[in-house]
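A short write-up of the structure that comes next.
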Amino acid sequence: MVPVGLVFAVEAITGSYGLAGSASAGFSLAGAVAKPIGGRLVDRYGQRLAARALLVAFVGCAVGLLMAIRVVAAPGVIVLLSVAAGLTAPNVGALTRVRWSRLTGADDMPRWQALESANDEINFIVGPTAVAAMAAWFTASASLVAATVLAAVGTLGVTSLPGEPRSGRVSRRRARTWIRPIHLAVLGSVGGLGMVLGGMSVTVIAYTAELGYPAWSAVIFPLNAGASLVAALVLGRIGPGDLVSQQRRATFWLLLVLLPYGFGDGIGWFTAAAMVAGLGTSPSLIQANSLAVATIPAERRTEAFSWIAAAAGIGIAAGSAITGLLVDEIGADAARLSVTAFGACPAAITVAMILTGGRKEHR
C-alpha cells in the first residue's frame, strides 16, 4: 500500500508525478536494501525487541513523511523521508514465515508456504484497490495513514504470539552455512521474477492505454494476482518433494507461462496472456522460501527470507526502470517482449547450475 499510496498522495498535493515516482522508488529500494539487515537484527535480538524497535522508527518516519507532504516540503525532504520509511518498515512476511517453520514439520513446508503465498496474493489484490478507493473517497493521504496503522497492527500482532523463535549470536561457521551456490542461484532467480513483475506493472498500464483501454488495467491486475493465488493453492495440495528439483522446475514453468505475453494483439489476448502469466509467480516464491527453510539454520531464517524479499524488490525496481525506458523508445507493444526475456533469466540460471554440476545441497 505504501508505494502506491505515495504516488497518489505526493502527486495530489504537489502536482508532480516525477516527485511522486521518486518518493515511491526511494521507499521500495530502501526497503529492499534494509530487509536483510533488519532480518539479521531480528535473528540476533528476537522478534519482539527488534521488530518492535523498527516499527517505532517506521511510524515516526511515516508521520514525518505525511507532515512533509501536507506542507509541500522541499522535494529532497520528501524523498529522504520516504527512504527513511523504507529503511525501517517491518518485514511482517519474514516474521510470519519463521513462525510457520516452528509450528509445522518439514513435510508440510510446501503447504504453509503456499498458504503464505496465497495470503500475499490476496494482499496484492486488496491493497492497491483499497489505496485507490481511499484516495477517491477520502483524501490522497488516507492510504498512507491506513498503511501505517496496518503495519503497526500486523507487527504487534505477530510479535505478541506465544512461541517466539529463538534468537542469539550464531557461530561464524554456522553463519556461513546458508551461503551456498544453490542459495545464490535462488536469489538470482527471485530477482529475475521481480524483473518480470516490474516489467508487467509498466507494460499492463502502457499497453492497455496504447490500445485505447486505459481503465482495463484495473481488471488485468486482479486477474493476474488471482491466477497466482490459484497456483499457490494447487501447489500446496500437491505436497512435498525434492525441493531443489521443484525450484528448478518452477523457473522453467515461469518462462513457459510468460511466452504468450509478448505475442498476439488485442485486449482480449493480452488479458488472457497476463492472467496466464500469473500462474508462474507463486510457484517460484513458494519453492524459494521452502528451500530456504530446508537448508538454512533456524537462527538465520529471518535474514534469509529477507534476502529473498530484497532480491524480488531490487528486481522489481530494475524491471520497471528498464521496461519504462523501452516503452518510451519502442512503444508498449514491442516492450512486452522484455517481460518474456526477464522470465528467461531464472531458467538460464537453472541451466547454468545444471551444466556446472550443481548438487542437491538440501540433503
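Among VAL72, VAL42, which is the only one that is of a type outside the set (S, T, N, Q), in contact (Cβ under 8 Å) with a residue 40 or more places away in the chain, more than 30 Å from LEU161 (Cα to Cα) and out of contact with any Cys (no Cβ under 8 Å at 6 or more places or on another chain)?
The match here is VAL72.
So PHE27 ticks every box in (1) touching an Asp or Glu at 6+ places or on another chain (Cβ under 6 Å); (2) touching a residue at least 24 places away in the same chain (Cβ under 8 Å) but one. Which box is left unticked?
(1)
Please work out which residue is nearest to the chain's Cα centre (by Cα), limiting yourself to segment 1-32 and to residues that are in a loop (DSSP other than H, G, I, E, B) and within 18 Å of ALA142 (Cα to Cα).
Checking each candidate, the answer is MET1.
Is it the case that some residue within segment 209-222 is closer than 22 Å to VAL351 by Cβ and either crowded, with 21+ Cβ neighbours inside 10 Å or not polar (S, T, N, Q) (or both)?
Within segment 209-222 (the criterion being closer than 22 Å to VAL351 by Cβ and either crowded, with 21+ Cβ neighbours inside 10 Å or not polar (S, T, N, Q) (or both)), the answer is no, since none of the residues qualifies.
Whether any residue in segment 284-295 is out of contact with any helix residue (DSSP H, G or I) (no Cβ under 9 Å at 6 or more places or on another chain) and farther than 12 Å from VAL186 by Cα is what I want to check.
Within segment 284-295 (the criterion being out of contact with any helix residue (DSSP H, G or I) (no Cβ under 9 Å at 6 or more places or on another chain) and farther than 12 Å from VAL186 by Cα), the answer is no, since none of the residues qualifies.
In the set THR88, THR96, which member is modelled with pLDDT of 90 or more, out of contact with any strand residue (DSSP E or B) (no Cβ under 9 Å at 6 or more places or on another chain) and among the polar types (S, T, N, Q)?
THR88
Wholly within segment 246-363, which helices (runs of 4 or more DSSP H) include no fewer than the required count, namely at least 3 residues that are modelled with pLDDT of 90 or more?
Hits in segment 246-363: 267-277, 332-355.
Does SER16 satisfy the criteria of being among the hydroxyl-bearing types (Ser, Thr, Tyr) and touching a Ser or Thr at 6+ places or on another chain (Cβ under 8 Å)?
no
SER217 fails exactly one of the following numbered conditions: (1) within 15 Å of ALA273 (Cβ to Cβ); (2) touching a residue at least 24 places away in the same chain (Cβ under 8 Å). What is the number of that condition?
Looking at each condition in turn, SER217 falls short on (2).
Check PRO36 against each of (1) surrounded by 22 or more Cβ atoms within 10 Å (Cβ to Cβ); (2) under 18 Å from ALA311 (Cβ atoms) and name the one condition it does not meet.
(1)
The values are calculated or read from the model by the stated rules, or taken from the named source; none is laboratory data. What you are looking at is a predicted structure, and each value in this text was computed from that prediction instead of being measured. Positions of Cβ are generated from backbone atoms using ideal geometry, with glycine treated the same way; all protein chains shown enter the neighbour counts.
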